[in-house]
1. Number of Lys-Lys pairs in the protein assembly as shown under 15 Å by Cα, sequence gap 8 or more or different chains?
2. What is the Cα centroid distance between the stretch A:120-165 and the stretch A:25-49, reported in whole angstrom?
3. Taking the label point 7 Å from Cα in the Cβ direction, how far apart in nm is A:Lys31 from each other copy of itself, listed shortest first?
4. For A:Glu172 and A:Ala116, FRET efficiency with R0 = 30 Å and r from the beta-carbon atoms, rounded to 0.05?
5. Fewest Cβ neighbours within 10 Å first, please rank B:Ser73, A:Ser177 accordingly.
6. Would you please give the residues with an amide H less than 5 Å from that of A:Val35, counting only those at least 5 places away or on a separate chain, with H modeled from the backbone geometry?
7. Between B:Glu63 and B:Asp123, how many nm apart are label points set 7 Å from Cα along the C-beta direction?
8. Stretch A:Ile86-A:Arg135 to full length: gain in nm at 0.36 nm per residue minus the Cα-Cα span?
There are 2 protein chains.
Amino acid sequence: MQDTKERIMAVARATAQAHGYGALSFRELAKAVGVRSASVHYHFPTKEDLGVALARRYREDAEAGLAAIAEASTDPAQCLRAYVGIFRRALENDNRMCMCGFMAAETDDLPEAVRAEVRAFADANVGWLANILSRTDGRDRSVHEARALAIYAAVSGAQLVARCRGGVAAFEAIVESYRASGLIPAGQ
Amino acid sequence: MQDTKERIMAVARATAQAHGYGALSFRELAKAVGVRSASVHYHFPTKEDLGVALARRYREDAEAGLAAIAEASTDPAQCLRAYVGIFRRALENDNRMCMCGFMAAETDDLPEAVRAEVRAFADANVGWLANILSRTDGRDRSVHEARALAIYAAVSGAQLVARCRGGVAAFEAIVESYRASGLIPAGQ
DNA sequence: ACCTGAACACCGTTCAAGT
DNA sequence: ACCTGAACACCGTTCAAGT
């Protein structure tokens, strides 16, 4: 049995990926974990504290996953396929989406500390993508970063749109269009 | 002075574009319009009724705007620039986003009738984009529809990402990458 | 036709108090 | 250290009553 704090974070992440930060409720989290809502406040004094912990952990996990992908293959196209796979798996997991993608929509309702973590998540994605793209040619870092941001935005949008229209199949079709148009390097 | 129902819809739209469907509250809407929450229920018996009316109107307005763009110019690249401009203006309007983009994130919390309207909005966008793309060449409709969906998703994602990271400038940079990569036809 | 006050059953959140 | 009861300020909804 995990400790209460970890179980709260796990349930909270799954909830935020399906319903957003705004839908995070101490009462429901407590019910799912088997304690009272006031007990959740013992571990996370405010909702902001929970949000910051969630977003930071989410980014750390993402960074670890991305590092593993970059080490598993030197082929940029293959790394990018694995990258897209992360977003696809969120949809496969009961139509969930990237937690920070949802939070991006909720920016105006986020405490500043949470928003900062959401930005850091985006930065980590863009930085990693730029590193992968720099394997394809020796152009300036700024060129790869611009394209990296575009890929991150496009894949996020594919996930968002597919979530309410077409599901995983639509997501795959959209990403295939990205490859066909040249936005995402597809190799060969 | 507009009538109360119209003023409620205007405030609700602006709110939903900034905070989502979930943040729509009859009490706050009432306060903004200067009536009591029970009066809002006179015009929209339930929140679902309000959501459906909002999303339907949003789609109708979008369809009218898109039709005007398609008639104002025969040049696909110019039409696509105008299309992107719609999304940019949402960001310029106090960092708001497409209402149906926000609602796409909230799919799981939407009454089915509202979700259907959100899908209809996406369909209208994709259909219009496919019409514009079909002006560029005579390939099959299905080819243009696939690309249209990809462009809709990519522009939605650019708006979502820019909303919490870089604002309008980031949005423009991302869209420029879409054009440079060939995802969005840029003319010449 | 349009609006309202009051009530209902709920909600997330907080915090002083328990063990 | 960990948990809780009770209170607070909300919410959508209903309905009888006003104009």
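1. Details: A:Lys5/A:Lys31; A:Lys5/A:Lys47; B:Lys5/B:Lys31; B:Lys5/B:Lys47.
So the count works out to 4.
2. 35 Å
3. 2.7
4. Details: r = 33 Å, r/R0 = 1.09.
According to the calculation, E is roughly 0.35.
5. On the way: B:Ser73 13, A:Ser177 23.
Least crowded to most crowded, the residues run B:Ser73, A:Ser177.
6. none
7. Computed distance between label sites B:Glu63 and B:Asp123 equals 1.0 nm.
8. Working: separation 49, 0.36 × 49 = 17.64 nm, distance 2.07 nm.
In short, 15.6 nm is gained.
Since every read-out is calculated from the coordinates, none of them should be taken as a lab result. Keep in mind it's a predicted model, so treat the numbers as computed, not measured. Cβ coordinates were reconstructed from backbone atoms using ideal geometry, including for glycine residues, and neighbour counts include every protein chain displayed.
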